[in-house]
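Report on the following structure.
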Amino acid sequence: MTFASNSTFDVAFWFSDQALNENEYLQPQKLHRLLYLSQGFYAIAYDGQKLMPAVFVAEEMGPIEPTLFQAFANGRPDIEVELFLPSDVELFLSSIWRRFGHLKTEQLSKLTTKNAAYALALRKGPGTEILLDAMVATLKAETEKKAADPVRAPHPDARVLRTQHGSEVKVKSWAPGAAPGAAPGLK
């Protein structure tokens with residue numbers, strides 16, 4: 001199986017750097033929830049392909065990637081990662097960040113722990129792997145149930161603007177002219 005990024009650390013550092021760019025501290029649990037959602041939605045958008053070579057397991061606190069959990073236990077690890085991800089991966093991660101990055105850790109935890117794939121794995125016991133097929137099926141079903149737009153592979157020229165709450169905004173170009181309701185001939 002091929003992966004869109006060489007390492008799970010590359011994606012984790014991308015999210016960490018994105019948060020730093022916005023003067024936000026990215027809590028470890030929030031990072032794991034974003035990674036989990038990214039892996040699932042990437043597989044939906046790209047016909048089952050994995051975003052990163054990661055395994056997610058169900059723990060009481062929510063889904064985690066155990067290797068990253070250990071590596072980030074004492075803060076951001078000092079390792080070498082790719083500074084620039086492929087452009088399609090960066091566009092995809094940007095869409096995940098726009099959709100979920102503004103949510104608080106507790107909101108993301110609630111969102112991911114209500115996920116049926118996570119619940120099924122946790123019933124088998126903490127540390128049980130959450131299978132990608134189950135993640136995909138659950139995220140698809142939840143997205144369709146809520147009648148929300150799923151995260152899709154972005155068009156290379158696409159630019160979606162969102163409010164601070166994550167809702168899409170329709171933008172029209174400004175056309176100068178008379179103010180609505182103004183008398184003709186007056187400027």
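A short reminder: the numbers here are calculations on the coordinates, not readings from a lab. Bear in mind the structure is a predicted one, so any value in this text is a computation, not a measurement. Neighbour counts are summed over all protein chains in view; Cβ atoms, including those assigned to glycine, are modelled from backbone coordinates with ideal geometry.
Things to note:
- Entries in Lys110/Lys145; Lys50/Lys124; Lys104/Lys145; Lys114/Lys140; Lys30/Lys114; Lys50/Lys110 that, when Cα-Cα distance is taken, lie over 20 Å: Lys50/Lys124; Lys104/Lys145; Lys50/Lys110
- Least to most buried among Lys30, Lys124, Lys50, Lys170 (fewest other Cβ within 10 Å first): Lys170, Lys124, Lys50, Lys30
- For segment 64-100 versus segment 47-63, the gap between their alpha-carbon centres in whole angstrom: 13 Å
- Model label points for Thr143 and Ser87, set 7 angstrom from Cα along the Cα-to-Cβ axis, are 2.3 nm apart.
- Estimated FRET transfer efficiency when R0 is 35 angstrom, pair Ile79-Val169 (beta carbons, to 0.05): 0.40
- Fewest-first ordering of Tyr118, Tyr25 by other beta carbons within 10 Å of each residue's beta carbon gives Tyr25, Tyr118.
- Residues of segment 9-44 with amide N under 16 Å of a point placed 7 Å along Cα→Cβ from Phe69: 28-37
- Summarising the amide proton neighbourhood of Phe56: residues at separation of 5 or more, or on other chains, whose placed amide H is nearer than 5 Å comprise Ile130.
- Along the axis of the charge dipole computed for segment 1-128 (Cβ charges of +1 for Lys and Arg, -1 for Asp and Glu, origin at the Cα centre), the listed residues Met61, Trp14, Leu37 are led at the positive end by Met61.
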